[in-house]
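Q: My structure is below; once you've seen it, I'll send some questions.
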Amino acid sequence: SQHQSGQFEAQNTRLIRSGNRFLKYYLCEAAKSLVRCDTEHRRYYDLKYKEVNKYQHKRALALTARKLVRLVFRLLKDNRLYIPSVTA
């Protein structure tokens, strides 16, 4: 949701609770596993973790899960296998 009035737009807004909660949970679990095993996603997670002061882990994990969704969509669209560049 947004909180704005005129030129003002709030930095901290409430989390939108729409969508399938089970899908969100399992995507975050997959992202957690991916962060452990893949160095590229680990670097992305660490970068997003350092960007903010509040809710670092949840935010970084959600953004990593979003990146994972985009990756899976592209792999399915192109009918390719995922080959990590460098693994830990």
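The values are calculated or read from the model by the stated rules, or taken from the named source; none is laboratory data. As the structure is a prediction and not an experimental result, all values here were calculated from the model. Don't worry about glycine lacking a Cβ; one is built from the backbone with ideal geometry, like all the others, and counts go over all protein chains shown. These accessible areas exclude ligands, DNA and RNA; they are computed on the full protein's heavy atoms, side chains included. Shrake-Rupley method; radii C 1.70, N 1.55, O 1.52, S 1.80 Å.
Q: Just subtract the alpha-carbon distance of Val69 and Glu29 from 0.36 nm times their residue separation and send over the number in nm, one decimal.
A: On the way: separation 40, 0.36 × 40 = 14.40 nm, distance 1.25 nm.
This chain segment gains 13.2 nm when fully extended.
Q: With the other protein chains left in place, how much accessible area per residue, in square angstrom, belongs to the stretch 21-78 at a 1.4 angstrom probe?
A: Working: 4410 Å² over 58 residues.
In whole numbers, the stretch 21-78 has 76 Å² accessible per residue.
Q: What is the magnitude of the charge dipole of the stretch 21-78 about its Cα centre, with +1 placed on the Cβ of each Lys and Arg, -1 on the Cβ of each Asp and Glu, and no other charges, expressed in debye to the nearest 20?
A: Working: 16 positive and 6 negative charges, 51 e Å.
It works out to roughly 240 debye.
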